[in-house]
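These notes are about the structure you will find just below.
The values are calculated or read from the model by the stated rules, or taken from the named source; none is laboratory data. Predicted, not measured: the structure shown is a model, and the values here were computed from it. Glycine also receives a Cβ, built like all others from the backbone with ideal geometry; neighbour counts cover every protein chain displayed.
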Amino acid sequence: MKMSRMGVKPEKMPPKDAETVNHKLLVQAGFVRQLMAGVYTYLPFGLRVLRNIEKIIREEMDAIGGEEILMPMLHPAEIWKKTGGWESIDVLFKLKSRTDRDYALGQSQEEVVTPTMKEFIKSYRDLPKMPYHIQWKFRDELRSKSGIMRGREFLMKDMYSFHLDQTDFDRFYAIAKAAYLKVFSRMGLDAKVTEASGGSFSEKISYEFEVLTDAGEVNILYCGSCEFCANVDDLSQYKEGDKCPKCGESKLKPSVAAEVGNVFDLGHKYSRAFDLKVATSTGESIYPVMGCYGIGVSRTMGVIVEKFHDDKGIIWPKNVAPFTVHLIDIKQGDRAQQIYQLLQDNGIEVLWDDRDINAGIKFSDADLIGCPWRVVVSEKNVSANEIEVKTRQNNEPEMMKVESFISKLKSD
C-alpha cells in the first residue's frame, strides 16, 4: 500500500475527547474513527488488524473441530422470550418494525444457534458439534468507554459446543482452553485463565481469559507460581495475601486486567428452552450439555494497543500488525519502488511512505503506526546497495542488504 494514495492519513494530535490510550492512538494513527460513543468505523489499517486477529482465531478454532457459520444480527423477539432474555437482559437492544413486530439486535447467539442445530443434531452419533461464527454484536451500554474495548457495537467470535454429557464437555473444555491460550500467545498476549461467575449465561462458574493491563476493568488475584487466577469482583472467598488454593506455593497478588475471552458451561438451559433432544445409544431421549466460547475480536485489538505502546505510538506484535514493513522513501523513488516490489514479490506486506513530505514527519508517522520493521531507502545507502532497517522497539538501525533482510523476515 502506498501512503500517497491513501485517503486517510495520521494526525498530528490525538482526539480531544480520548480517555484511553487505544482510543487516542488508534484515531491519531488512522486505524479507526468514532461515529458516536461505543461505535467505530474501522479504516483500512484497522480493518487489516481485525482480519489478522480473525485469521489466528479461525485457524485455532478449525484445528479443534470448529465449523464456521454466519448467524444473523437481527433476531425475532420470540426466541429471546423462550429463554427469558427478553425481560431479564438489560443491555439487549429492542426494535419494533412497521408491522408492529418486536426484534432484538444480537448481544449473543445462544438463542439462534440452538434452534439451528436442533435441525441437525438428532442422536449421540451427531455429537459433539462445535459451530462458531465471527459477527458484530450489540449491547445497550449505559456508558460506553475505554475506546474500542467496550463498545455498543463490537466484533466477536462465538463458538458453541453440544455434548452428550458433562464428561464430554469437560474433555472439550480442556481442548478449547489450550486453543484459547494459543490464540492469545500468537497475538503476543499472556492471558490468564480466571474463575468468575457465570452471570446471565449460567449459574455455574465460568472462565475468563484476562490480560494484565492498567486499562482493564476487572480486579483479579493471581498466583506468581502457577496459573491460578480469580476475578475478585465475583468471587469474594479470595483475598490478597491468601495462599494460592491451587499450588500453595505463593501468596495471591492483586492486579487489574482486561477480559479478552470467556467460556461458559451452559448446562441444559438452552437445549431445554428449545426442546433440543438427542437419542442415546440405549434409545433414551436427553438434553445435550452446551458450552459457549467467546473472544472479543475488536476488544482484543484495543487491549493489544493498551499493552504494546510507548510515547511515540503503537508497537504491534508481528502476527497482528497491519503491515510487516514500513518502507520510508527519502528521495529515492525508483530504487524504493524496486525494493517495494521485491518485498511484495516475496510475500511481505509493505506500507510504503512515498509522500513528498519532510522526512521527520515520515519517521514520526512510522512510530505512530507501529509496524514491526522500518526500512529507510536514502542517498546514504544507495551506493552500497543496502537499506537501513530497525525494529519498532529498537532505536538503533543497522545497514543490511535487501536479500539478507528478506531472508531474515522469512526465517522469523
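Have a look at Glu284, Glu227, Glu240 and point out the one that is charged (D, E, K, R), modelled with pLDDT under 95 and over 27 Å from the mean Cα position of the chain (by Cα). None of the others qualify; the one that does is Glu240. For segment 295-314, taking the residues that are within 13 Å of Val49 (Cβ to Cβ) and outside any helix (DSSP H, G or I), the one that is nearest to the chain's Cα centre (by Cα) is identified as Phe308. Residues in segment 94-110 that are among the hydroxyl-bearing types (Ser, Thr, Tyr) and under 24 Å from Gly151 (Cα atoms): 2 in all. Within segment 228-247, residues that are surrounded by 15 or more Cβ atoms within 10 Å (Cβ to Cβ) reach partners that are assigned to a strand (DSSP E or B) and of a type in the set (Gly, Ala, Ser) with beta carbons closer than 8 Å, at six or more positions or on different chains, in the pairs Ala230/Ala196; Asn231/Ala196; Asn231/Ser197; Asp234/Ala196; Asp234/Ser197; Leu235/Ala196; Leu235/Ser197; Tyr238/Ala230. Filtering segment 196-212 to residues that are at pLDDT 85 or above and surrounded by fewer than 19 Cβ atoms within 10 Å (Cβ to Cβ) leaves only Leu212. Taken over segment 69-106, the residue count meeting the criterion of being within 16 Å of Tyr160 (Cβ to Cβ), touching a strand residue (DSSP E or B) at 6+ places or on another chain (Cβ under 6 Å) and either not hydrophobic (A, V, I, L, M, F, W, C) or not assigned by TED's automatic domain parsing to the domain that holds Phe162 (or both) is 2. Among the residues examined, Ser108 does not qualify as loosely packed, with under 14 Cβ neighbours inside 10 Å and of a type in the set (S, T, N, Q).
When Leu252 is tested against (1) of a type in the set (A, V, I, L, M); (2) under 22 Å from Arg150 (Cα atoms); (3) crowded, with 19+ Cβ neighbours inside 10 Å; (4) modelled with pLDDT of 90 or more, just one condition goes unmet, and that condition is (2). Confirm whether Ala230 is of a type in the set (A, V, I, L, M) and assigned to a loop (DSSP other than H, G, I, E, B). No, not satisfied.
So that you can scan it fast, the table gives a plain yes or no per residue for (1) free of Cβ contacts under 8 Å to residues at least 12 places away in the same chain; (2) in the same structural domain as Gln28 (by TED's automatic domain parsing):
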{"residue": "Cys292", "(1), (2)": "no, yes"}
{"residue": "Arg299", "(1), (2)": "no, yes"}
{"residue": "Ile328", "(1), (2)": "no, no"}
{"residue": "Arg335", "(1), (2)": "no, no"}
{"residue": "Gln338", "(1), (2)": "yes, no"}
{"residue": "Leu343", "(1), (2)": "no, no"}
{"residue": "Asp353", "(1), (2)": "no, no"}
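Could you name every one of the strands (runs of 3 or more DSSP E) located completely within segment 1-93 that has at least 3 residues being in contact with a Cys (Cβ under 6 Å, 6 or more places away or on another chain), acidic (Asp, Glu) and more than 17 Å from Gly151 (Cα to Cα)? Output list is empty. Just wondering, is there one or more residues in segment 256-271 that are among the β-branched types (Val, Ile, Thr), out of contact with any Phe, Trp or Tyr (no Cβ under 8 Å at 6 or more places or on another chain), in contact (Cβ under 8 Å) with a residue 40 or more places away in the chain and surrounded by fewer than 16 Cβ atoms within 10 Å (Cβ to Cβ)? Yes, there is a match, as at least one residue in segment 256-271 is among the β-branched types (Val, Ile, Thr), out of contact with any Phe, Trp or Tyr (no Cβ under 8 Å at 6 or more places or on another chain), in contact (Cβ under 8 Å) with a residue 40 or more places away in the chain and surrounded by fewer than 16 Cβ atoms within 10 Å (Cβ to Cβ).
The criterion of at least 1 residues that are over 25 Å from the mean Cα position of the chain (by Cα) is met, among strands (runs of 3 or more DSSP E) falling completely within segment 94-185, by 102-105, 153-163.
Checking each residue in segment 355-395 for being assigned to a loop (DSSP other than H, G, I, E, B) and either modelled with pLDDT under 95 or surrounded by fewer than 16 Cβ atoms within 10 Å (Cβ to Cβ) (or both) picks out Arg355, Asp356, Ile357, Asn358, Ser378, Ser383, Ala384, Asn385, Gln393, Asn394, Asn395.
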